[in-house]
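Comments concern the structure below.
The values are calculated or read from the model by the stated rules, or taken from the named source; none is laboratory data. This is a predicted model, so every value here is computed, not measured. Cβ sites come from the backbone with ideal geometry, for glycine too, and all protein chains shown count toward neighbours. Quick note on the areas: whole protein, heavy atoms, side chains included, nothing else; ligands and nucleic acids left out. Shrake-Rupley method; radii C 1.70, N 1.55, O 1.52, S 1.80 Å.
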Amino acid sequence: RKVKRLLLANDYDAIVQVGREQVEGGAHVLDVSVALTERADEDDMLRKTVKKLSMGVEAPLVFDSTEASALKAALEVYPGRAIVNSINMERGRERIEAVLPLVVEHGATVVALAIDEIGMAHTADRKAEICRRIYDIATQDYGLLPDALIFDVLTFPVTTGQEDLARSALETLEGIRRIKKECPGAYTILGVSNVSFGIDPHPRAVLNSVFLHHAVQAGLDLAIVNPAHITPYAEVPGEERKLADNLINNEPNALPEYIAYFEANKGTLDDGRQTMEDPTEGMTVEEKIHYQILHRKKEGIEALIDESLKAHTPVEVLNNVLLPAMKDVGDKFGAGELILPFVLQSAEVMKRSVAHLEQFLEKREGYTKGRVVIATVFGDVHDIGKSLVNTILTNNGYTVYDLGKQVPLNVIIDKAVEVDATAIGLSALLVSTSKQMPLCVQELDKRNLQYPVLIGGAAINRPFGYRIGFVEEDRRYAPGVYYCRDAFEGLDIMDVLTDDARRDPFIAKRHEEARHVREREQSGAAEDEAQRSNVPTLERSNAVDPAAPIPTPPFWGYKVLGDRHIPLDEVFDCLDLKSLFRLSWGAHKLHGAEYKSAVETELMPRLNRMRAEMQSRHILTPKVIYGYYPCQSEGNDLIVYDPATMDDRRRTIDSKEQSSIVHRPSSSTPIARFTFPRQPDRERLCLADYFASVGSGRVDVIPLQVVTMGDRASEVFHRMQEEGNYSEGYYIYGLSVALAEALAEWTHTLVRRELGLPSEQGRRYSWGYPACPDPAEQVKLMKILPAEKSIGVSLTEEGFVLVPEQSTAAMVVHHPQAKYYTTRPLNKRGKAPSGDEEEEEGRGYAEANERVGVV
């Protein structure tokens, strides 16, 4: 946190002092990472930091960055031999080819992780195989000397009870031996403490110490450890050393014996020394409160607050003890050290603390840091993000008025006036509903109201926030519009807006940033438009075969499947676990061994427990309506016909002499006409191209589907929010949303099977994604599939969002050439947009596209 503040203040001399303190504390090497969400100049910051440190600190440096350009900037100014962190083969040679030329040019060394296209290496054979591949590429293709390579063969916990990890310590030790033998001259490194993840501090320290000893014996060269938690092997008490050896060597019953011993010997070691049973021993009362909030421990928090109140006023306890603890939680979340559910568990401790403290607080002016009115805009029913904002702001001293979802603008503004709001917060998930945000800003300006507006949601981004702050051609909304990437950025902005000393410079800076972005966008848009104006128009893409075979559907019209017809176990099997864990459950900031460990020890066990619980409590009520409809394309349109007008008796023979049924309408009775955008460049694709045209004389088939997991999960989530059980509610909500996508995939698989399509054929497209971006088209879908009457799914009037939230709608395109693509134009350089341009569709939008393979 200290270094982050110093970086934001450009105080590089003070950063050098921090480095000196760490070396004096025993660090042999300093890992330098400067990437900040608040700044976009990582290259320049890393260059300046490295230059200062190299002149003021004797220890060698590790340059830790995901950006090759930042590594290049640092290497160019560093006079010593640096360590670059890191390379792997997760995407083949991509990372190697970006980093190794820099390593060679500057004579650096590089950390190489035992990860390839399959994943992290668990066995010694896989560890050796991957490291040999990297070794051969580095030494043969790039001429790197072996001593420039530092291999991390990865460490996994032996403390979780999982059978597939029981041998992991042995495999790691053997992996080190194999690397030293098969990659001669190379070095090895380990994050030692991963071996003991999930157990109490003292037994963890013992296991780390014993494992480090064995790793060094196997040939380990560099260890990432906390020296204060390491005891020399000979000084570890004999019984503890034996138990740790047994656990590492995977002896029978080693884990239960290890845990049982330390449960029974919490007070003293076998030589009579006292253990650190209580990790808060020696801390002040205030430090203990901070520790319990940070480590998500509710029990005893009220007694600690009572003790603190003997020396401090209630307001001092709130402002100087509780709020800094939650700020520390937020900083660790921002640094990727905590996943979101853990943050919410800390918020539960905070809520309990504040509830106890409130009885001693005077209800007077100044008790609240500010009043914030928040709402999901009209037409949008998604409010998980808004609820998280409520939780974080409330537990950091703000009074929050949460108006819910689908809230009209006049209701939001009237509430802000009523409570004399410090700011207004608006949330939207979709591009269509985000259009309510500029209307709110315009209305506030028209009424001459001075409320800063904070905006967030998957469909929006920072450039969007800059744009909607212009209420006239060149006039800005004076209080400002501020995009918040997540709840913690919203908290940071609120803290600035409520600080008299920082507020005005901050607002002025954001206004100036907006003007620069506007000028750049206007210049780029003019050039792009000039380029696209020379592109000829096409009725149909030449990249799509118009004579593709048409499958025969099992029936015409629709079917409804209730929960009795849908095996929940099969739906769970369709879960995309990566999306569930990283997106829905907030583990996107964890990587490598940290992510693997979190999955194995926290996320997967939780999923298994919740799977049984949600089924037994009937929280999930899956329903599906799907069907097959005759159709033909006409330009960019797809015409859908009434199945009752179909004549199935006609047959033709296609060019390959294969018999197929061709359904022709006996009378053209269209019931809907879907319109899709066409790519302005590249292959000029349009979804309509994948279906037989009116002029072809053939009639095609379009499978349509609407699925829902019901609204009980949302009801449970909101009840848990009210009870302060934030983390459990978050898990339930995230799983229910992921299961809606799993149910869509289950239905998609059913359609493929009924049409006789192979597993790789038949793409599923949902409205709101690039190929069919207009959610208003779903109104036509609902006229074809009576989803509201049959499965309880409807559309909002504004934004055309599906209700309940845990619902999806889609079409399936059977054409063998169908693929996912974007209809956004190439930029003026003839490339797909990136950087700020990539943000145009929104970060969350891109993540959602990635889930279905659009990117």
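A few points about this structure:
- Yes/no for Leu620 being under 30 Å from Asp331 (Cβ atoms) and either modelled with pLDDT of 85 or more or among the hydroxyl-bearing types (Ser, Thr, Tyr) (or both): no
- Test for Lys789: is it in contact (Cβ under 8 Å) with a residue 12 or more places away in the chain and part of a helix (DSSP H, G or I): no
- Total residues in region 705-737 satisfying the condition of being within 15 Å of Lys623 (Cα to Cα) and surrounded by 24 or more Cβ atoms within 10 Å (Cβ to Cβ): the figure is 7.
- Among the candidates Leu580, Leu568, the residue that is under 30 Å from Gln345 (Cβ atoms) and within 25 Å of the chain's Cα centre (by Cα) is uniquely Leu580.
- Considering region 408-424, and only residues there that are out of contact with any Leu (no Cβ under 8 Å at 6 or more places or on another chain) and more than 18 Å from Val481 (Cβ to Cβ), the residue that is least open to solvent (accessible area, probe 1.4 Å) turns out to be Val419.
- Exclusive hit being among the hydroxyl-bearing types (Ser, Thr, Tyr), modelled with pLDDT of 85 or more and assigned to a helix (DSSP H, G or I), set Ser714, Ser736, Ser727: Ser736
- Selection over region 800-814 of residues that are open to solvent by 10 Å² or more (accessible area, probe 1.4 Å) and in contact with a helix residue (DSSP H, G or I) (Cβ under 8 Å, 6 or more places away or on another chain) gives a count of 6.
- Some residue of region 749-763 being on the phi < 0 side of the Ramachandran plot, of a type in the set (Val, Ile, Thr), over 24 Å from the mean Cα position of the chain (by Cα) and open to solvent by 40 Å² or more (accessible area, probe 1.4 Å): yes
- Considering only residues in region 440-466 that are among the hydrophobic types (A, V, I, L, M, F, W, C) and modelled with pLDDT of 90 or more, the one that is surrounded by the fewest Cβ atoms within 10 Å (Cβ to Cβ) turns out to be Leu449.
- Any hit, region 388-397, residues being modelled with pLDDT under 90, under 30 Å from Phe333 (Cα atoms) and over 26 Å from the mean Cα position of the chain (by Cα): yes
- Test result for Ile176, out of contact with any strand residue (DSSP E or B) (no Cβ under 6 Å at 6 or more places or on another chain) and in a helix (DSSP H, G or I): no
- Remark: pairs (first residue in region 511-532, in a helix (DSSP H, G or I); second residue surrounded by fewer than 11 Cβ atoms within 10 Å (Cβ to Cβ) and modelled with pLDDT of 60 or more; Cβ separation under 9 Å; 6+ apart in sequence or on different chains) = Arg515/Asp474; Arg518/Asp474.
- Of the residues making up region 65-79, those that are part of a helix (DSSP H, G or I) and either of a type outside the set (D, E, K, R) or in contact with a strand residue (DSSP E or B) (Cβ under 8 Å, 6 or more places away or on another chain) (or both) are Ala68, Ser69, Ala70, Leu71, Ala73, Ala74, Leu75, Val77.
- A count restricted to region 15-40 and to residues that are under 24 Å from Phe488 (Cβ atoms) and surrounded by 14 or more Cβ atoms within 10 Å (Cβ to Cβ) stands at 7.
- Some residue of region 467-479 being touching a helix residue (DSSP H, G or I) at 6+ places or on another chain (Cβ under 7 Å), closer than 17 Å to Ile392 by Cα and open to solvent by less than 40 Å² (accessible area, probe 1.4 Å): no
- Residue list for region 21-54, filter: in contact with an Asp or Glu (Cβ under 9 Å, 6 or more places away or on another chain), of a type outside the set (A, V, I, L, M, F, W, C) and part of a helix (DSSP H, G or I): Glu42, Asp43, Arg47, Lys52
- Filtered residues of region 585-620 (kept if open to solvent by less than 30 Å² (accessible area, probe 1.4 Å), closer than 30 Å to Arg753 by Cα and either among the hydroxyl-bearing types (Ser, Thr, Tyr) or in a loop (DSSP other than H, G, I, E, B) (or both)): Ile619, Leu620
- Residues in region 233-265 that are of a type in the set (Phe, Trp, Tyr) and within 39 Å of the chain's Cα centre (by Cα) were compared, and the one that is nearest to Leu212 (Cα to Cα) is Tyr258.
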